[in-house]
Amino acid sequence: MTLLTARSATAIVLLMTCIAAPAWVANMAAQSSTTHQKMTFEGDTALWTVAIKPDKTADFEQIMKKVQEALLKAPDPERRQQAAGWRVMKISKPLPDGNIAYVHIVHPVVSGADYTIMKTLYDAFPDERQALYELYRGAFAQNLSMATGSIAVDASPAQ
């Protein structure tokens, strides 16, 4: 990825943060009922930005490595497809409040697949539920934005 492309992606994420955050955060709060609702993405690409407490970035990254492990060891081939297209980028400059933004870059999206972090962890590591929850909850500050859609222009050279 070129520097220009990385800057463009960061600018898009920040723009979508301003546009989509209030409605998306309200929707996520509504979904936090006792019944698990799947977190699915529309289109072929998703950018999901979260804020992590600055002293807890190692905990968050540990959680995301456990998510990767869970997806790769799952017997369901759909889960392994999710792992193949899921990257997490750490934004180098802290947010104004000091928190650190991480962008989940999912491409290609696995249509209909559940991207709920805790559900993925609970399914793979049922004996570690409480510890994983506490680690994630302790690191997590807030959801910032969600942008989903399809790539309109791909400037990469054809393979």
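Using 1/(1 + (r/R0)^6) with R0 = 30 angstrom and r between the beta carbons of His36 and Ile91, what's the FRET efficiency to the nearest 0.05?
Working: r = 29 Å, r/R0 = 0.97.
So, using R0 = 30 Å, E works out to roughly 0.55.
Looking only at the stretch 48-79, which residues have a backbone nitrogen under 19 Å from a spot 7 Å from the Cα of Phe125 in the C-beta direction?
Taking a point 7 Å out along Cα→Cβ of Phe125, the residues of the stretch 48-79 whose backbone N falls under 19 Å are 52-53, 56-76, 79.
What list do you get for Val153, Val50 if you sort them by fewest beta carbons within 10 Å? Let's see the in-between values first.
On the way: Val153 4, Val50 21.
By the 10 Å Cβ count, ascending: Val153, Val50.
Using 0.36 nm per residue of separation minus the Cα-Cα distance, give me the extension gain between Glu69 and Asp154 in nm, one decimal. Working shown, then result.
On the way: separation 85, 0.36 × 85 = 30.60 nm, distance 2.99 nm.
My answer for the length gained is 27.6 nm.
Take the cross-link list Lys38/Lys73; Lys73/Lys93; Lys90/Lys119 and give me the ones stretching past 28 Å between alpha-carbons. Show your work: numbers first, answer last.
Working: Lys38/Lys73 20 Å; Lys73/Lys93 33 Å; Lys90/Lys119 23 Å.
Lys73/Lys93, as the Cα separations exceed 28 Å there.
Residue-wise, which Karplus ³J(HN,Hα) couplings in Hz belong to the stretch 137-145, taking 6.51 cos²θ - 1.76 cosθ + 1.60, θ = phi - 60°, and x for glycine or proline?
Along the stretch 137-145, the couplings run 4, x, 8, 6, 9, 5, 7, 9, 7 Hz.
Can you check what the net charge comes to around Val109, using other residues whose Cβ is under 9 Å from the Cβ of Val109 (Lys, Arg +1; Asp, Glu -1)?
Working: positive: none; negative: Glu42, Asp44.
After counting each charged neighbour, the total is -2.
Here, each number is a calculation from the coordinates, and none is a lab measurement. Given the structure is predicted, the values throughout are model-derived calculations rather than measurements. Positions of Cβ are generated from backbone atoms using ideal geometry, with glycine treated the same way; all protein chains shown enter the neighbour counts.
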